[in-house]
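The values are calculated or read from the model by the stated rules, or taken from the named source; none is laboratory data. Just so we're clear, the structure is a prediction, and the values are computed from it rather than from any experiment. Note that each Cβ is placed from the backbone with ideal geometry, even for glycine, and that neighbours are counted across all protein chains shown.
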Amino acid sequence: MKPSKPGARGAKLAIHGGSPAVTLAAGDLFTWPIVTAADERAVLDVLRRGAMSDNDVSLKFEAAYARYQHRKYVLSFCNGTSSLQAAMWACGVGRGTEIIAPTLTYWASSLPALSLGATINFADVLPDTLCIDPADIEHRIGRYTRAIVVVHNHGYPCDMRPIMAIARRHKIKVIEDVSHAHGGLYRGQLLGSIGDVGCMSMMSGKAFPTGEAGMLVTNDRRLWERATAFGHYERTGKSNFAKGASVLTDPALIEFAGLPQGGSKHRINQLCSAMGLTQLAQYPRRMAEIQKAMNCFWDFLEGVPGIRAHRTAKNSGSTMGGWYSPVGHYVAEELGGLAIEKFVQAVRAEGGRAGIWGEFPLHLHPLLQTADIYGDGKPTVVANAHRDVRQGPGSLPVAEGLKGRVLWTPWFKHHRPRQIKQYAQAIRKVCEHYANS
Ligand SMILES: Cc1ncc(COP(=O)(O)O)c(C=O)c1O
């Protein structure tokens, strides 16, 4: 798009009485999940059979997901949080140990460590990708570190090469949290298939939606068995409730088969497995369309002052997957210091979509400073730890400095350039004309 001149027709901002940039009805441009008759049939079948707590559809879903993800072992979960907790325990995260995780992301990527008696050493993020900074990991590794959790934040793949090299050097595991990036690629490799184990939420707002569910994927049989032993007691045998033979081969796990070692029940509801199977059949096509639509949006905004795309470089072999929860960088200095709140208001007045990004650095939250969750008489974060890893204000400066610098942007589900261009224009108009209007 060519820049429009100040004073040109259409340059008066809607917030100041001009005509809004978005005139076309959104229709189903943003509707998610897309639920078709095939989803309904599959879910109804489970419902009518009363098979919600059975395993037949879930096993089919797991087999299909294993093929999709090119992993030997997969395990479905009632949600993504439980898949992360089981993955951590499988990797040896337990009392007195530590994980390293990014301070910016949804809490479930790290907080389950506390329930296992471990603590969290938070790492900073990179300002452009919003993912963990590989250069802020190695110095945090100590004798008790068991795992690095990485999150492909808002779809952006973490820089996995240096992270895997660090982990291999120190013989610690890497857990990829793929909840924002199902189907995304890092230099041609499928996310979730690079670390030792991948976990993904599949709640209904995610790019891969099933309702409420999670999945764990790995090529490591031992990790998979441990994850199973933690909260899938019905698969471990030796119990009245066990369906079929035990899947366990590790004698150390078989000894306790029939009861979940984590005291948790992690089984997926088969209504979600049914939805997962039908959604998976459509996902590659839907993801490709989302990528086309989102790239079209950012192409329209290329070079506009005040706003930068949060996306991988073209032809890098890395992609944004289903582009879950898309964001963009807001550069107030290029707009005369315009406060993000005012910017968002003006874009919304144009009929556009923008919001103030809501993530905050976890390390500063009181839960990670003072909360005594388990009645130890001291903060849980240090109760079992061999060192105090708490981090105060100023300790992770990039993450702490991002407030007001990141925006939610529209998440297009269909490639409709005419409409997409209007949403881009809503942003562009505010960027180009706020100062003069
Ligand atoms: C990065 C990330 N990890 C983990 C989770 C937890 O998944 P769930 O909500 O399915 O428990 C979520 C979101 O919900 C998430 O965004």
So, in the range 317-366, of the ones that are within 21 Å of the chain's Cα centre (by Cα), surrounded by fewer than 18 Cβ atoms within 10 Å (Cβ to Cβ) and over 23 Å from A426 (Cα atoms), which residue ends up nearest to the ligand (Cβ to nearest atom)? F360
In this structure, does S318 turn out to be more than 30 Å from G231 (Cβ to Cβ) and polar (S, T, N, Q)? yes
Exactly one of T97, T119 is free of Cβ contacts under 8 Å to residues at least 60 places away in the same chain and more than 14 Å from the ligand (Cβ to nearest atom), and that one is T97
Within the range 22-39, can you find the residues that are surrounded by fewer than 12 Cβ atoms within 10 Å (Cβ to Cβ) and closer than 30 Å to A346 by Cβ? T23, A25, G27, D28, T31
Can you name every residue in the range 137-190 that is within 13 Å of the chain's Cα centre (by Cα) and at positive phi? H154, G155, G183
Is at least one residue of the range 43-50 under 30 Å from G195 (Cα atoms), more than 16 Å from the ligand (Cβ to nearest atom), at pLDDT 95 or above and of a type in the set (A, V, I, L, M)? no
Is it true that H152 is within 12 Å of the ligand (Cβ to nearest atom) and either farther than 22 Å from G205 by Cβ or modelled with pLDDT of 95 or more (or both)? yes
Does the range 293-311 include one or more residues that are of a type in the set (K, R) and closer than 28 Å to T210 by Cβ? yes
Are any residues in the range 54-89 in contact with a Lys or Arg (Cβ under 7 Å, 6 or more places away or on another chain), modelled with pLDDT of 95 or more and not hydrophobic (A, V, I, L, M, F, W, C), and if so, which ones? Y73
Got a number for residues in the range 191-219 being farther than 24 Å from V327 by Cβ and away from the ligand (no atom under 11 Å from the Cβ)? 7
Only residues that are modelled with pLDDT of 95 or more and either farther than 20 Å from C91 by Cβ or outside any loop (DSSP other than H, G, I, E, B) (or both): list them for the range 220-256, please. R221, R222, L223, W224, E225, R226, A227, T228, A229, F230, G231
Residue check, G276 against (1) more than 17 Å from the chain's Cα centre (by Cα); (2) more than 16 Å from the ligand (Cβ to nearest atom), all met but one. Which one? (2)
Go through the range 9-54 and count every residue that is of a type in the set (D, E, K, R), within 11 Å of S273 (Cα to Cα) and assigned to a helix (DSSP H, G or I). 1
Is there any pair linking a residue in the range 178-202 that is touching a residue at least 12 places away in the same chain (Cβ under 8 Å) and closer than 17 Å to A288 by Cβ to one that is within 11 Å of the ligand (Cβ to nearest atom) and not in a loop (DSSP other than H, G, I, E, B), with Cβ under 8 Å and at least six apart or on different chains, and which? A181/G155; H182/M200; G184/G155; L191/E176
Mind counting the residues in the range 159-190 that are more than 12 Å from the ligand (Cβ to nearest atom) and assigned to a loop (DSSP other than H, G, I, E, B)? 7
Scan the range 191-202 and give yes if some residue there is surrounded by fewer than 24 Cβ atoms within 10 Å (Cβ to Cβ) and within 28 Å of T278 (Cβ to Cβ), otherwise no. yes
